[in-house]
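A short write-up of the structure that comes next.
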Amino acid sequence: MLRKALIPIAVFIIVLVALTFGETVGAQMLRWLNHLTGLVIHNFADVWYAVEIFVHTHFTKIIIALVLTVPISVWLIRHQGEKLARGVSTRKMAIILAIFLGWLGAHRFYLGQIGWGIIYLIILWVFAPLVVIISLIDAIRYAFMSDDEFPAVQS
């Protein structure tokens, strides 16, 4: 009962924040990122340029990190293999995808809901803030669903 009462409250807060602060919060986050890193990001070309500069500046560190990654990964797979094999539940993965890639409909594609995934892409093309709100609502819905209720969402 409490979970069902929390869902509308959480949805209301997300929608209110999105409507009130959407563009302002995004602009403030980019200013904050600029202040912390010195990066000015206007489009993806700026991100590519920043990555290219990082690679040229820290090439040795990248090679060392790659060389260290191999033995650490092998050790983790050998010693933690059983835990890694269990994986993440479908519901948890859908929540993570809805939060981080929900604007692309990734959680819907992951659950096999191809039609809904395409609708998310269309909404993204028409009005991006709406699809972000909808995907966050989906994440909240999935989080408060029981495991028995969740399979019904997948079909």
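The values are calculated or read from the model by the stated rules, or taken from the named source; none is laboratory data. Here the structure is a predicted model, which is why all the values come from computation and not from measurement. Every residue, glycine as well, gets a Cβ built from its backbone with ideal geometry; the counts of neighbours run over all protein chains shown.
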Original post:
Any residue at all in the range 87-107 that is at pLDDT 90 or above and more than 30 Å from Ile77 (Cβ to Cβ)?
Top reply: no
Original post:
Considering only the range 98-134, how many residues are over 20 Å from Asp148 (Cα atoms) and out of contact with any Lys or Arg (no Cβ under 9 Å at 6 or more places or on another chain)?
Top reply: 22
Original post:
Which residues, counting only those in the range 91-135, are surrounded by fewer than 16 Cβ atoms within 10 Å (Cβ to Cβ), outside any loop (DSSP other than H, G, I, E, B) and in contact (Cβ under 8 Å) with a residue 40 or more places away in the chain?
Top reply: Pro129
Subject >> Residues of the range 136-155 satisfying the condition of being surrounded by fewer than 17 Cβ atoms within 10 Å (Cβ to Cβ) and within 15 Å of the chain's Cα centre (by Cα) >> reply: none
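Quick one: which residue in Ile41, Ile14 is among the β-branched types (Val, Ile, Thr), over 21 Å from Asp147 (Cα atoms), at pLDDT below 75 and part of a helix (DSSP H, G or I)? I'd like the intermediate steps shown before the answer.
Values: Ile41 fails: part of a helix (DSSP H, G or I).
None of the other options fit; the residue is Ile14.
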